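All remarks here apply to the structure that follows.
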Amino acid sequence: MSGSPQPFRRLDRREFLKVGLASGTCLAMAVGGTPVAAGFDPARVHQAAAKPVFTPNVFVAVDGDGKVSITVQRSEMGQGIRTSFAMLVAEELNLRLDQVTVLQATGDAKYGNQNTDGSRSVRTLYIPMRQAGAAAREMLETAAAQEWGVAVAEVHAEDGQIFHKKSKRSLGYGAVAAKAAALPVPQKPKLKDRKDFTLIGKDHIGIDVDAVTHGQARYGADLRLPGMVFASIEHVPVVGAQLTAMDDAATRAIAGVLDVIKMPSATPPVLFKPLGGVAVVATSTFAAFKGREALKLTWDLGANAGFESGAYQKALAATAAKDCKVVRQVGDVAAAFAKPGKKVKRTYYMPLLAHASMEPPAAVARVDENGCEVWAPVQAPQRTREVVAAALGMDQSKVTINVSLLGGGFGRKSKPDFVAEAAIIAKQVGKPVCLTWKREDDIRHDYYHSVSWQHMEASLNADGYPEALLHRTVFPSIGSTFDPSARAGSEMELGLGFSNNPYQVPNQQLEVGQADAHVRIGWLRAVCNLFHAFAINRFVDACALEAGKDPLAYRLHLLGEPRNLVFSEADKESPYQLNTGRLAHVLRLAADKAGWHEKRPAGVGMGIAAHYSFLSYVAHVVRVKKKADGGFVVERVDVALDCGQMVNTDSVRAQMEGAVVFGLSLALKGEITAEGGRVLQGNFDDYPMLRMGETPDIHVHLVDNAELPTGVGEPGVPPLAPALASALDAVGAPRGDALPLKFV
């Protein structure tokens, strides 16, 4: 479909499934005011809208009819990156959004870094994507000027046309595309001034919203290829377990089951290798699932069989109670603690967490004499290409990775173990394979966000402010996934809210302890900022309470005068430095909008927290109300964000709203536990998400400035849990120093 906006249609369940699961068609849709989105084609996701005659770079193409296509090299998982990148290029090409077609790049080094994680897509590509559009515009203008024999300064590109005001002549972009293609590409094209922006910094509907809303978007498991079969894997129950016996007679007797394949177990380092287990291949996903249920398997659970989350928590606490490795020391903490005065001591716990994105891992793979082609919802297509090539023993040049839309990712889909599984099975059966993970597979075999224990102590001066601070952090490192000997947080992990604590304390000692990993540890939305922000904000509140001071005023005092902070050698050269004034500003903004200084009714409490992560500044104020039955309800959350220059303010706002829902799910319900090495949770009944009726009134307050763009996807999450816990403190709930806050 293309052209005019599609009217809203109410779909019943059966029609929804028909539309949502239809496959084998190319989706091309134009929504009023939005660009055309090239769809999920069976043959190739990346396809030109027409044969381009002008391609000044890998991101922009213009055909002879003047149609412009923009290739997006980052993955779309609801954060709106396809729309934002289209806006950046279209802004410099002086086009409306509905004048461009958006294509999705395959995994290829020619596009530069394609990893969609770390909240860095806009931050790192804000200028390059604008330059791509500006270079194309300058070349088109130069070509038109040469065609007319006039000075380039006399022509102007706008709305798909190049105009010469003096002679009142005009040419379409397509008319000069071939001539422009012969020109040298400008290395430093002139970019628009911020005051002249018509797209950047404005609200725009996401280009995929209509397709998603009407069930026409294509995700990882939606593709159908001729001769395709379907697979499901009964994974090893514990990382490192080995299959010792298998009885698959009952499985092979099930109608539709075609084959049973033993998958090799991953050996250390686990990296992104397939985890191992037994794959059932069938004529349908349902038959594959039924075949799995009939398998009789015997396992040697291996070294991780003794992992039990309760005992592990106690071990973390014991480690944090003792001296650990000092990673930062300012002043003399021991001497300050020896002085008389008030002392504050607290510990904070966060459990293992699963990603649990709404779309479980899934992939389609085809392997033949020409190589391997994959269609999958991946955040790192180049890494996926490497992993698949290694799994097949194939040169990377023969592997093509087509990126579908992602039904959520949060970091899980940057680990392509599931894609390698699909490719291995496809090679063995000699047919295209659609591999689908169950929800239970997703939750029980994740790359989990690390469990952590935080130990904090402070000595307060006569005015009630910290004279000395001791902070120990203990958690199994992400590095353990890549190196089994990695037993302590890395410099990168410590830089996520621990070693860059912005609060002024004259004497500080930061320590990191060791912890063994018994599951695969990975990065989840906001990574270590989650537990570091929780601990530091909760501890600031504990100190403020001991001092009898307002938590907002206490934070502002500790931040001090506006200034840039330098924590490392890299910070000295970086254009991004933590500015205490910007952090103080979002604190004041959130507090003012939430009515922090207004008198609160009985049974109503507010909590405030702020954090700097992914180079952005975020503050939350959470409002809770005590119910008549003794429980509590989260009524309202105010979010203030300073992320520098914004591209699509609508998607920035949506990211903050989504961060609140995500953060509340983790704070109130998120907990992965294990016994005998096996993860106990498996679906949304025992690893629940926030329900619609539990969602508070969310107000997002954006700071408009011309600072360099910073992260948006992740920084909205860390302050939520500590602000919520502090709000609950205010209405007499049990002290929430361990997550999840189960008493709510």
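The values are calculated or read from the model by the stated rules, or taken from the named source; none is laboratory data. All of these numbers come straight from a predicted model, not from anything done at the bench. Here the Cβ positions follow ideal geometry from the backbone for every residue, glycine too, while neighbour counts run over all protein chains shown.
I'm checking my understanding of the structure. Among residues of the stretch 98-110 that are of a type in the set (D, E, K, R) and in a helix (DSSP H, G or I), which one is farthest from P186 (Cα to Cα)? Can you show your working first?
Quick first cut of the stretch 98-110, residues of a type in the set (D, E, K, R) only: 98, 108, 110.
If we keep only those that are in a helix (DSSP H, G or I) too, we end up with 98, 110.
Working: D98: 26, K110: 19 Å.
Filtering the stretch 98-110 for residues that are of a type in the set (D, E, K, R) and in a helix (DSSP H, G or I), the one farthest from P186 (Cα to Cα) comes out as D98.
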Quiz prompt | Inter-residue pairs, beta-carbon under 7 Å, first at negative phi and crowded, with 22+ Cβ neighbours inside 10 Å and in the stretch 258-283, second modelled with pLDDT of 95 or more and of a type in the set (S, T, Y), 6+ apart | solution = V270/T481; V280/S232; V280/T251
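Residue-wise test of (1) in a strand (DSSP E or B); (2) at positive phi; (3) out of contact with any Lys or Arg (no Cβ under 8 Å at 6 or more places or on another chain).
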site	(1), (2), (3)
Q428	no, no, yes
E440	no, no, yes
I443	no, no, yes
D446	no, no, no
E457	yes, no, no
G464	no, yes, no
E467	yes, no, no
L470	yes, no, yes
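What tally of residues in the stretch 469-489 results from selecting those that are closer than 23 Å to N507 by Cα and of a type in the set (G, A, S)? Show your work before the answer.
Kept after step one, since they are closer than 23 Å to N507 by Cα, are these residues of the stretch 469-489: 469-474, 489.
Next cut, of a type in the set (G, A, S) only: 489.
Total meeting the criteria: 1.
Every residue, every condition in (1) more than 28 Å from the chain's Cα centre (by Cα); (2) surrounded by 14 or more Cβ atoms within 10 Å (Cβ to Cβ), yes or no:
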site: A157; (1), (2): yes, yes
site: A177; (1), (2): yes, yes
site: P186; (1), (2): yes, yes
site: P189; (1), (2): yes, yes
site: K192; (1), (2): yes, yes
site: D203; (1), (2): no, no
site: D208; (1), (2): no, yes
site: L223; (1), (2): no, yes
Quiz prompt | Failed condition for R555, given (1) outside any helix (DSSP H, G or I); (2) over 27 Å from G479 (Cα atoms); (3) among the basic types (K, R) | solution = (1)
Quiz item: With (1) at pLDDT below 95; (2) under 24 Å from I127 (Cβ atoms); (3) of a type in the set (G, A, S) as the list, and A628 as the residue in question, which single condition is left unmet?
Solution: (2)
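Please give the strands (runs of 3 or more DSSP E) falling wholly within the stretch 574-675 in which 1 or more residues are among the aromatic types (F, W, Y) and out of contact with any Pro (no Cβ under 7 Å at 6 or more places or on another chain). Quick ask: steps written out before the conclusion?
Numbers: elements: 604-613, 616-626, 632-642.
Correct list: 616-626, 632-642.
Can you confirm whether E141 is in contact with a helix residue (DSSP H, G or I) (Cβ under 7 Å, 6 or more places away or on another chain), surrounded by fewer than 18 Cβ atoms within 10 Å (Cβ to Cβ) and either on the phi < 0 side of the Ramachandran plot or of a type in the set (S, T, Y) (or both)?
Working: in contact with a helix residue (DSSP H, G or I) (Cβ under 7 Å, 6 or more places away or on another chain): yes; surrounded by fewer than 18 Cβ atoms within 10 Å (Cβ to Cβ): no; either on the phi < 0 side of the Ramachandran plot or of a type in the set (S, T, Y) (or both): yes.
It is false that E141 is in contact with a helix residue (DSSP H, G or I) (Cβ under 7 Å, 6 or more places away or on another chain), surrounded by fewer than 18 Cβ atoms within 10 Å (Cβ to Cβ) and either on the phi < 0 side of the Ramachandran plot or of a type in the set (S, T, Y) (or both).
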Quiz item: Listed residues A336, A318; which is surrounded by 18 or more Cβ atoms within 10 Å (Cβ to Cβ), part of a helix (DSSP H, G or I) and of a type outside the set (D, E)?
Solution: A336
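Checking the condition of a type outside the set (K, R) and out of contact with any Lys or Arg (no Cβ under 6 Å at 6 or more places or on another chain), which residue from S167, S232 passes?
Values: S232 fails: out of contact with any Lys or Arg (no Cβ under 6 Å at 6 or more places or on another chain).
Of S167, S232, the one residue that is of a type outside the set (K, R) and out of contact with any Lys or Arg (no Cβ under 6 Å at 6 or more places or on another chain) is S167.
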Self-check item: Single residue of the stretch 662-716 satisfying the filter (of a type in the set (D, E, K, R) and without any contact (Cβ under 8 Å) to a residue 12 or more places away in the chain) that is surrounded by the fewest Cβ atoms within 10 Å (Cβ to Cβ)
Solution: D685
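Being of a type in the set (F, W, Y) and more than 30 Å from the chain's Cα centre (by Cα) narrows it down to one of Y554, Y576, so name that one.
Working: Y576 fails: more than 30 Å from the chain's Cα centre (by Cα).
Testing whether each residue is of a type in the set (F, W, Y) and more than 30 Å from the chain's Cα centre (by Cα) leaves just Y554.
Does A217 satisfy being closer than 24 Å to L405 by Cβ, in contact with a helix residue (DSSP H, G or I) (Cβ under 6 Å, 6 or more places away or on another chain) and part of a loop (DSSP other than H, G, I, E, B)? Spell out how you get there, then give the answer.
Working: closer than 24 Å to L405 by Cβ: yes; in contact with a helix residue (DSSP H, G or I) (Cβ under 6 Å, 6 or more places away or on another chain): yes; part of a loop (DSSP other than H, G, I, E, B): yes.
Yes; evaluated as a whole, the condition is true for this residue.
Taking the stated definitions as given, is A145 touching an Asp or Glu at 6+ places or on another chain (Cβ under 9 Å), within 24 Å of A182 (Cβ to Cβ) and touching a residue at least 40 places away in the same chain (Cβ under 8 Å)?
On the way: touching an Asp or Glu at 6+ places or on another chain (Cβ under 9 Å): yes; within 24 Å of A182 (Cβ to Cβ): yes; touching a residue at least 40 places away in the same chain (Cβ under 8 Å): no.
It is false that A145 is touching an Asp or Glu at 6+ places or on another chain (Cβ under 9 Å), within 24 Å of A182 (Cβ to Cβ) and touching a residue at least 40 places away in the same chain (Cβ under 8 Å).
From E511, E546, E561, which residue is outside any helix (DSSP H, G or I), in contact (Cβ under 8 Å) with a residue 24 or more places away in the chain and surrounded by fewer than 23 Cβ atoms within 10 Å (Cβ to Cβ)? Talk me through it step by step, then tell me what you get.
On the way: E546 fails: outside any helix (DSSP H, G or I); E561 fails: in contact (Cβ under 8 Å) with a residue 24 or more places away in the chain.
Result: E511 is the single residue among E511, E546, E561 that is outside any helix (DSSP H, G or I), in contact (Cβ under 8 Å) with a residue 24 or more places away in the chain and surrounded by fewer than 23 Cβ atoms within 10 Å (Cβ to Cβ).
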Exercise. Answer yes if at least one residue in the stretch 284-303 is at pLDDT 95 or above and under 29 Å from the mean Cα position of the chain (by Cα), and no otherwise.
Key: yes
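When you check V374 against the structure, is it closer than 22 Å to I261 by Cα, touching a Pro at 6+ places or on another chain (Cβ under 7 Å) and of a type outside the set (G, A, S), yes or no? Before the answer, list the steps.
Numbers: closer than 22 Å to I261 by Cα: yes; touching a Pro at 6+ places or on another chain (Cβ under 7 Å): no; of a type outside the set (G, A, S): yes.
In short, no.
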Quiz item: If you take the residues in the stretch 70-92 that are within 17 Å of R218 (Cα to Cα) and among the small types (G, A, S), which one is surrounded by the fewest Cβ atoms within 10 Å (Cβ to Cβ)?
Solution: G78
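Filter the stretch 223-249 down to the residues that are in contact with a strand residue (DSSP E or B) (Cβ under 7 Å, 6 or more places away or on another chain) and outside any strand (DSSP E or B) and list them by number.
Let us first name the residues in the stretch 223-249 that are in contact with a strand residue (DSSP E or B) (Cβ under 7 Å, 6 or more places away or on another chain), namely 223, 225, 228-238, 241-248.
The answer is L223, L225, M228, V236, P237, V238, A241, D248.
Given the structure, is G630 surrounded by fewer than 21 Cβ atoms within 10 Å (Cβ to Cβ), without any contact (Cβ under 8 Å) to a residue 12 or more places away in the chain and closer than 28 Å to G711 by Cα? Give the derivation first.
Details: surrounded by fewer than 21 Cβ atoms within 10 Å (Cβ to Cβ): yes; without any contact (Cβ under 8 Å) to a residue 12 or more places away in the chain: yes; closer than 28 Å to G711 by Cα: no.
Here the answer is no, as G630 does not meet what is asked.
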